[in-house]
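J.: Pasting in a structure now, in structure tokens, and then I'll have a few things to ask.
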Amino acid sequence: MVRWSGPQVWDAKSIGSTDDWVVQLSDHEIDELHVAVQASKQLDKPLSSLTRGDFAFKQLGDRLLVLKNDVLNGKGFTLLRGLPSSQWSDEELIIAYWGIGLWIGDPVSQNAKAHLLGHVIDQRAVNSGDTRIYQTNQAQPFHSDSCDIVGLLCLRAALEGGESAIASSAAIHNQLLDTNPNALEQLYGTFQCDRYGEIPEGKLPYYTVQVFNNIDEQLVCCGMDPDIRSAQRLNDVERLTTDQLSALDQFQTTARKLSLRMSLKRGDIQLLNNLVAVHAREQFVDYEDPDKRRYLVRLWLSSAEGRRLPEFLRERWGNIDVGSIRGGIKVPGATPVVYLDPNQ
């Protein structure tokens, strides 16, 4: 098995001592954003109908293209900081976030309701089979999402905890190659993932993945561990073997050991390449006041410049062709929509 190299291979020790992954917006770039946000509000158009042309950034646009290239072809993540968090409303921050996202990629659906904007908030949901962990205050294990790039905008932090953790998939791979090659071999094998009831027409309630994949001498990691374990509730899914469960545990343990943790503040935007990095969230204690609770807004973005994908992902992503809009969750009768209200 190959040993990966290059900027995509990093750990907290090697990258945490620097801050070159934190990008601070300049006053001029914030002014460009402000003008675009106010102009967008005057258009009185749904957020979903706003295009990159409605955010005709100049200096900021050039910088976002550099950041996009680093996320796709460099270390695989960045943290954008500097939005006027105290002066701008939630709506203005979300509009700015949407505009920035359009320079990075094309938003795709995140659930069966075809929401293009995901509201990550503790809804006091019970963690039943079809409930996603992001709807609770529980810790999320390391995982990937079904898109090229995932974005998170922080509107409010938790009272305690809730830190974001990210890890290089290539570094996890290399560590397992050195310490547990048997586990790594298992992760190149096939697993079934739970669709959580979000089932495209004519499909089964689960789909197949391989966690690690070498495609054109490039790493593609499908870190679907939580969905793999959840699929065990389904009758037709093969039972995980002891070796497979151990390999998944080793993946989580190694990711945690190598991970970089960050506390997102209001106005921070995290961008992460799902194919070369995995992410997690620590458990948190939230405010009783609903208006103060931890609140992040998520984007799933398709990138025309994304790398070639393993054929099995066509079953999950629908379209996997390079240069086209791909990824997301597609179910019959769902029309893509954007809601600013998390309760819709």
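Quick note: the coordinates plus some simple rules give every number you see, no bench work behind them. The structure presented is a predicted model; accordingly, all values stated were derived computationally and were not measured. We place every Cβ from the backbone using ideal geometry, glycine too, and count neighbours over all the protein chains shown.
J.: Given a Förster distance of 35 angstrom, what is the FRET efficiency for Thr190 paired with Val66, based on the Cβ-Cβ distance and rounded to 0.05?
T.: Numbers: r = 38 Å, r/R0 = 1.08.
With R0 = 35 Å, the Cβ-Cβ based efficiency is 0.40.
J.: Per q in 0.15 1/Å, what log10 I(q)/I(0) does a Debye calculation on the alpha-carbon atoms of region 210-344 return?
T.: Here log10 of I(q) over I(0) equals -1.09.
J.: What is the spin-label model distance, in nm, from Gln42 to Glu238 if the labels are put 7 Å beyond Cα along the C-beta direction?
T.: It works out to 6.1 nm between the two label points.
J.: Which distance in nm do the two modelled labels at Asn182 and Ala56 give, with both placed 7 Å along the Cα-to-Cβ direction?
T.: Roughly 6.3 nm, to one decimal.
J.: Given the DSSP H assignment, sum -39500 (n - 2.57) over each helix run of at least 4 residues in the chain and divide by its residue total; what's the result at 222 nm in deg cm²/dmol, nearest 500?
T.: Details: 9 runs with 96 residues, N = 344.
-8500 deg cm²/dmol, from helical runs alone.
J.: Okay, moving on. What is the distance in Å between the Cα centroid of region 3-22 and that of region 145-202?
T.: Centre-to-centre (Cα) distance: 18 Å.
J.: State log₁₀ I(q)/I(0) for region 12-317 at q = 0.11, 0.16 Å⁻¹ as given by the Debye formula over alpha-carbon point scatterers of equal weight, solvent excluded.
T.: One equal scatterer on each Cα of region 12-317 leads to -0.68, -1.45.
J.: By how many nm would the segment from Val285 to Glu160 lengthen if fully extended, with 0.36 nm per residue of separation less the alpha-carbon distance? Provide the component values of the computation, followed by the final result.
T.: On the way: separation 125, 0.36 × 125 = 45.00 nm, distance 0.50 nm.
Here the answer is 44.5 nm.
J.: Quick one: what do you get for region 267-344 if you divide its Cα Rg by 2.2 N^0.38 Å?
T.: Numbers: Rg = 16.3 Å, N = 78, 2.2 N^0.38 = 11.5 Å.
So the Cα radius of gyration is 1.42 times the expected 2.2 N^0.38 Å.
J.: May I ask for log10 I(q)/I(0) of region 286-327 at q = 0.20, 0.28 Å⁻¹, from a Debye sum over the Cα atoms as equal point scatterers with solvent left out?
T.: -0.62, -0.98
J.: Give the calculated FRET efficiency between Ser85 and Gln138 to the nearest 0.05, with a Förster radius of 25 Å applied to their Cβ-Cβ distance. Intermediate results must be reported in sequence, preceding the final value.
T.: On the way: r = 26 Å, r/R0 = 1.06.
Calculated transfer efficiency: 0.40.
J.: Another question, if that's okay. Taking Cα pairs under 8 Å and at least six residues apart, what relative contact order does region 208-344 come out at, in percent? Don't jump to the answer; show the numbers that get you there.
T.: On the way: 88 pairs, mean separation 30.2, N = 137.
Relative contact order for region 208-344 comes out at 22 percent.
J.: So for the chain, averaging the separation of alpha carbon pairs under 8 Å that are six or more residues apart and normalising by length, what relative contact order in percent results? Each step should come with its number before you reach the end.
T.: Details: 695 pairs, mean separation 104.5, N = 344.
Rounded, it is 30 percent for the chain.
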